[in-house]
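Each remark here refers to the structure printed beneath this line.
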Amino acid sequence: MLLEGKRAVVYGGGGSIGGAVARAFGREGAHVFLAGRTRAKLDAVADDIRAAGGTADTAVVDALDAAAVDAHAAAIAPIDISFNVISQGDVQGTPMAEMALADFERPIVTTVRTHFLTWRAAVRHMPETGGVLLAFGGSGPPVRGYSIGGLQVAFEALEQMRRQLSTELGDRGVRVVTLRTGGVPESIDATFEGRDRIERSLTEMTLLGRTATLADVGDVAAFVASDRARTMTAATVNVSAGALID
C-alpha cells in the first residue's frame, strides 16, 4: 500500500473532492482524519473507508477558527499528510463588475485563511522526517463564457502560498504540491441547472476527450502523498486530461 502507516488529515473531507481523496488515502493504508463542518457527510465518508477495510476518524472543525484547527491538529498528531479542500463559498454566474464586494472576496479570504491555518497546524506536528501539504486548484487561464467571481483569484493566491512554503519547508523534508484538474463534472451538484452545459464545455477543452473523474483525483493524490513521489515539491500536478497545458 502506498500510504501504509501514514496519518492523513483531510479538511472538507465530506465533500466530493475531499471524500474521493480520503477514500483513496484509506484504500492505500493511511489512517484518515476527516474534518469539516457537517458531521453526517464526514461520517458517510468514514463509513465507506471502514467498509473497505481502512481506518478513519471524524471531527467537526471550523477551518476558519485558528484555535479549533490547532486543537484538532494537536489531538490527532503526528500528521504526515494534510489536504485542504474546504468549500470556498464562491458565487458564480455573476459578472465580476456587478458583484458585491463580500461575494467577490469571500473565496479569497476563505482559501487563504483556511490553508494558512491548516498548513501551519500540520507542519507543527509533522515528524522530523517530513510530511506532505497538498492543495487543490492551481493557476489557470481565465474562464471564458462563464463568470467565476473571485474563485480563480483565490487559486492564484494559494499557488503563491505553495511556492513560498515549499522554499521555507524544504530543509525540513516537507513537500508542498498542488493538484489541478481543469474541472471535475462529478463534483458539480446534479441539481444545478447548467450542469450538462458545463460538463460539455469542460470535456471539449480536454485533449483526451474526457475529464478527470473523482477517482482519478483520489488516485493521483494518493500517489503524490506517498514516498514514491518523494522528489516532488514546489510543483503542480496536472490531472486535467489536457485541458490545462503546461
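What follows is calculated from the coordinates using simple rules that are stated; it is not laboratory data. This is a predicted model, so every value here is computed, not measured. As a convention, Cβ positions derive from the backbone with ideal geometry for all residues, glycine included, and neighbour counts pool all protein chains shown.
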### Message
Could you work out how much longer the chain between Met1 and Val112 gets when fully extended? Use 0.36 nm per residue separation minus the Cα distance between them, nm to one decimal.
### Response
36.7 nm
#### Entry: Three-way shape call for the stretch 1-109 based on the alpha-carbon gyration tensor, with the a/c threshold at 1.5
prolate
### Linear extension gain, Arg50 paired with Arg144, 0.36 nm per residue minus alpha-carbon span
29.7 nm
### Query
What's the extension gain from Ala234 to Arg39 if we count 0.36 nm per residue and subtract their Cα-Cα distance?
66.9 nm
### Message
Charges on Cβ only, +1 for Lys and Arg, -1 for Asp and Glu, centred on the Cα centroid of the chain; of Gly170, Ser139, Ile108, which one is farthest towards the dipole's positive end?
### Response
Gly170
#### Entry: Sequence ranges 135-142, 168-175, ranked by mean other-Cβ count within 10 angstrom, highest first
135-142, 168-175
### Peptides ranked, highest mean first, by Cβ atoms within 10 Å: ranges 34-45, 51-62
34-45, 51-62
### Task
Compute the label zone of Gln164 within the stretch 96-116: residues whose backbone N is under 16 Å from the point 7 Å along Cα-to-Cβ.
108-116
### Query
Any idea how far apart Ser201 and Glu186 come out in nm if each label point goes 7 Å out from Cα toward Cβ?
2.2
### Message
Need one number: nm distance between label points at Asp65 and Phe223, each 7 Å from Cα along Cα→Cβ, rounded to one decimal.
### Response
3.9
### For the stretch 7-238, size of Cβ-based charge dipole, Lys and Arg +1, Asp and Glu -1, in debye
380
### Angle between the chain longest axis and helix 16-27 axis [Cα atoms, degrees, rounded to 10]
30
